[in-house]
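Below is one structure; the comments refer to it alone.
The values are calculated or read from the model by the stated rules, or taken from the named source; none is laboratory data. On a predicted model such as this, the values are computed, not experimentally measured, just so you know. As a convention, Cβ positions derive from the backbone with ideal geometry for all residues, glycine included, and neighbour counts pool all protein chains shown. Surface areas here come from the heavy atoms of the whole protein model, side chains and all, with no ligands, DNA or RNA. Shrake-Rupley method; radii C 1.70, N 1.55, O 1.52, S 1.80 Å.
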Amino acid sequence: MRDVVAAMLAGNTEHAVAFDDRFDTLQDGQRPPAVTVTCSDSRVLADHVWNNDEPGTIFTVSNIGNRVVQHADGESVVSGDVLYPIVHTGTETAVVVGHTGCGAVTATYDALTGGLSEPPGIDHSVGLLEPLLQAGVEALPDTLDRAAAIDHLVEYNVDRQVAFLRDSPDVPADVDVVGVVYDFQDRYDGRRGEVHVINVNGETDPDALRETHPEISDRIDRLWEY
């Protein structure tokens, strides 16, 4: 443990040297233009995905399954960590970032198809995904192997999280909500580490998205039209 922490602190020393003067205009507040909701998988580097190293640019939220949903008073609501920048810092773009081979989606798939035994905390997180993914599991083509089924559900999960944000009365209608998949397993055409846009404000048809958003047409892709 001591070696691990020592290495982390050594890295922080380098970070502090490089970033010391980057907080001059941010010490007393933030106005990030985007909030991202990524999976907390160690292979998904929330800021590096966008090659971002500027504080104040992206409000980053990470959890297993890139969820925007939490339970409060018996209801499903937009998670406070996602909602905070939208309500309090003027953030007008939310990006849900799924990733190929997602362990949380895999666990949810297993829970819905054959049962799952996990500690209570993990079981709770998977339980938040289950009602969102159940219809997607039922709609999966029979011809898919397990890995392909999971990656189809990754897209389905991103779409459900986007829909939940757009449907929430707590999220202003003028907030743009984008769904993407980060690919480090060669599932899509392109380099490992590329982000593929699959949903913009509820629109999921790739041709329609390319027509509406030609500036990002080379990053629009899908594995599954359900």
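Listing for the model above:
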| item | result |
| --- | --- |
| Lone qualifier among V77, V5 - being open to solvent by 50 Å² or more (accessible area, probe 1.4 Å), at pLDDT 95 or above and farther than 30 Å from R187 by Cα | V5 |
| Boolean, E130 is farther than 23 Å from D81 by Cβ, out of contact with any Asp or Glu (no Cβ under 9 Å at 6 or more places or on another chain) and open to solvent by 20 Å² or more (accessible area, probe 1.4 Å) | no |
| D47 being open to solvent by 20 Å² or more (accessible area, probe 1.4 Å), in contact with a helix residue (DSSP H, G or I) (Cβ under 8 Å, 6 or more places away or on another chain) and among the acidic types (D, E) | no |
| Single residue of region 28-44 satisfying the filter (touching a residue at least 12 places away in the same chain (Cβ under 8 Å) and of a type in the set (D, E, K, R)) that is surrounded by the most Cβ atoms within 10 Å (Cβ to Cβ) | D41 |
| Contacts under 7 angstrom Cβ, first residue in region 84-107 being under 16 Å from R166 (Cα atoms) and assigned to a helix (DSSP H, G or I), partner at pLDDT 95 or above and open to solvent by 20 Å² or more (accessible area, probe 1.4 Å), 6 or more apart | P85/F59 |
| Residue in region 89-100 that is over 19 Å from the mean Cα position of the chain (by Cα) and surrounded by fewer than 22 Cβ atoms within 10 Å (Cβ to Cβ) present | yes |
| Close pairs from region 131-160: first closer than 26 Å to T36 by Cβ and of a type in the set (S, T, N, Q), partner open to solvent by less than 40 Å² (accessible area, probe 1.4 Å) and in a loop (DSSP other than H, G, I, E, B), Cβ under 8 Å, at least 6 apart | N157/G65; N157/N66; N157/C102 |
| Residue under evaluation I216, criteria (1) hydrophobic (A, V, I, L, M, F, W, C); (2) farther than 25 Å from Y109 by Cβ; (3) free of Cβ contacts under 8 Å to residues at least 12 places away in the same chain; (4) open to solvent by 50 Å² or more (accessible area, probe 1.4 Å), criterion not met | (3) |
| In region 50-69, residue surrounded by the most Cβ atoms within 10 Å (Cβ to Cβ) [restricted to those that are within 26 Å of A107 (Cα to Cα) and of a type in the set (S, T, N, Q)] | N66 |
| Boolean, F184 is in contact with a helix residue (DSSP H, G or I) (Cβ under 9 Å, 6 or more places away or on another chain), open to solvent by 30 Å² or more (accessible area, probe 1.4 Å), among the aromatic types (F, W, Y) and at pLDDT 95 or above | no |
| Which numbered condition G103 misses (of (1) crowded, with 18+ Cβ neighbours inside 10 Å; (2) in contact with a Cys (Cβ under 9 Å, 6 or more places away or on another chain); (3) farther than 20 Å from E225 by Cα) | (1) |
